[in-house]
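Visitor: Following this message is one structure expressed as structure tokens.
The values are calculated or read from the model by the stated rules, or taken from the named source; none is laboratory data. Worth saying up front: this structure is predicted, and the values here are computed from it rather than measured. Glycine gets a Cβ as well: all are built from the backbone with ideal geometry, and neighbour counts include every protein chain shown. Heavy atoms of the whole protein, side chains included, go into the accessibility calculation; ligands, DNA and RNA do not. Shrake-Rupley method; radii C 1.70, N 1.55, O 1.52, S 1.80 Å.
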Amino acid sequence: MARIFITGSTDGLGLMAAQLLLRQGHTVALHARNDTRARDAHAALPDNAGVAVGDLSSIAQTRDVATQVNDLGTFDAVIHNAGVGYYGRGRVETEDGPSDVFAVNVLAPYLLTALITPPRRLVSLSSGMHHSGEATLRDPQWTTRPWQGSHAYPGLAGGRRRRGGGHRPLLPPPAAPPSAPGDAVA
């Protein structure tokens, strides 16, 4: 059976994937944004292989998550599930400067992929909005144009989809309840 690490696995699709994979006999390591969510995830899935803790909107914490993942060992697959939606709010700037949508949905998967021991398979989950987006390098952080989350989010997800020469499948979610709108799924 495979060893799998899943970002954003404390609720929503990430938790559902972890539950299913554990039931199938795989070894699954989890990711949580903070210690409270880590305790909740461990309580929900006590047979996990470990919980990496860190807020993926922070570059420093994302680097720390990568270190924690490497300390857990080598994985056959990494599922990039953590994400931030855009629903009904403006651009939120992170401590490092990028928008939280960009930091969590694009930068964090890129950094984790670069910093962890390479797995055999990388999978990115998506809301499906990437189909309507246009990846552009013209103001990708939406700092000079008015924030339009419904346009920014698909454009960023589209960039995430295209990165890596097609070796990173982007899968739309199954019919399942997502996390609360606007919440990070970490």
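Visitor: Of (1) open to solvent by less than 30 Å² (accessible area, probe 1.4 Å); (2) under 18 Å from the mean Cα position of the chain (by Cα); (3) at pLDDT 60 or above, GLY182 satisfies all except one. Which?
Guide: The single condition GLY182 does not satisfy is (3).
Visitor: I need a count of the residues in the range 110-149 that are among the polar types (S, T, N, Q), open to solvent by 40 Å² or more (accessible area, probe 1.4 Å) and at pLDDT below 80.
Guide: 4
Visitor: Same structure again: How many residues does the range 6-20 hold that are farther than 14 Å from SER124 by Cα, of a type in the set (A, V, I, L, M, F, W, C) and open to solvent by less than 40 Å² (accessible area, probe 1.4 Å)? Reasoning before the result, please.
Guide: So the first thing to find is which residues in the range 6-20 are farther than 14 Å from SER124 by Cα, and the list is 10-12, 15-16, 18-20.
Cutting the leftovers down to of a type in the set (A, V, I, L, M, F, W, C) gives us 15-16, 18, 20.
Right, trim to open to solvent by less than 40 Å² (accessible area, probe 1.4 Å) and you get 15, 18.
Of the residues in the range 6-20, 2 are farther than 14 Å from SER124 by Cα, of a type in the set (A, V, I, L, M, F, W, C) and open to solvent by less than 40 Å² (accessible area, probe 1.4 Å).
Visitor: For the structure I just gave you, tell me whether ASP55 is closer than 28 Å to PRO146 by Cβ, open to solvent by 50 Å² or more (accessible area, probe 1.4 Å), outside any helix (DSSP H, G or I) and out of contact with any Ser or Thr (no Cβ under 6 Å at 6 or more places or on another chain).
Guide: On the way: closer than 28 Å to PRO146 by Cβ: yes; open to solvent by 50 Å² or more (accessible area, probe 1.4 Å): no; outside any helix (DSSP H, G or I): yes; out of contact with any Ser or Thr (no Cβ under 6 Å at 6 or more places or on another chain): yes.
Spelling it out, it is not the case that ASP55 is closer than 28 Å to PRO146 by Cβ, open to solvent by 50 Å² or more (accessible area, probe 1.4 Å), outside any helix (DSSP H, G or I) and out of contact with any Ser or Thr (no Cβ under 6 Å at 6 or more places or on another chain).
Visitor: Determine if the range 64-72 includes at least one residue that is on the phi > 0 side of the Ramachandran plot and touching a residue at least 24 places away in the same chain (Cβ under 8 Å). Break it down into steps so the answer makes sense when it comes.
Guide: If we filter the range 64-72 for residues that are on the phi > 0 side of the Ramachandran plot, which is where we start, we get none.
Among the residues of the range 64-72, not one is on the phi > 0 side of the Ramachandran plot and touching a residue at least 24 places away in the same chain (Cβ under 8 Å), which makes the answer no.
Visitor: Inside the range 30-52, can you point out the residues that are of a type in the set (A, V, I, L, M, F, W, C) and either outside any loop (DSSP other than H, G, I, E, B) or in contact with a Phe, Trp or Tyr (Cβ under 6 Å, 6 or more places away or on another chain) (or both)? Show your work before the answer.
Guide: We begin by selecting, within the range 30-52, every residue of a type in the set (A, V, I, L, M, F, W, C); these are 30, 32, 38, 41, 43-45, 49, 51-52.
Within the range 30-52, LEU30, ALA32, ALA38, ALA41, ALA43, ALA44, VAL51, ALA52 qualify.
Visitor: Still on this model: Picking from ARG89, ARG63, ARG23, which residue would you name as being modelled with pLDDT of 95 or more, open to solvent by 20 Å² or more (accessible area, probe 1.4 Å) and under 30 Å from THR144 (Cα atoms)? Break it down into steps so the answer makes sense when it comes.
Guide: Working: ARG89 fails: modelled with pLDDT of 95 or more; ARG23 fails: under 30 Å from THR144 (Cα atoms).
Answer to the check: ARG63.
Visitor: Another question, if that's okay. For ALA152, which of the numbered conditions (1) more than 22 Å from ASP11 (Cα to Cα); (2) in a helix (DSSP H, G or I); (3) at pLDDT below 60 fails to hold?
Guide: All conditions are met except number (3).
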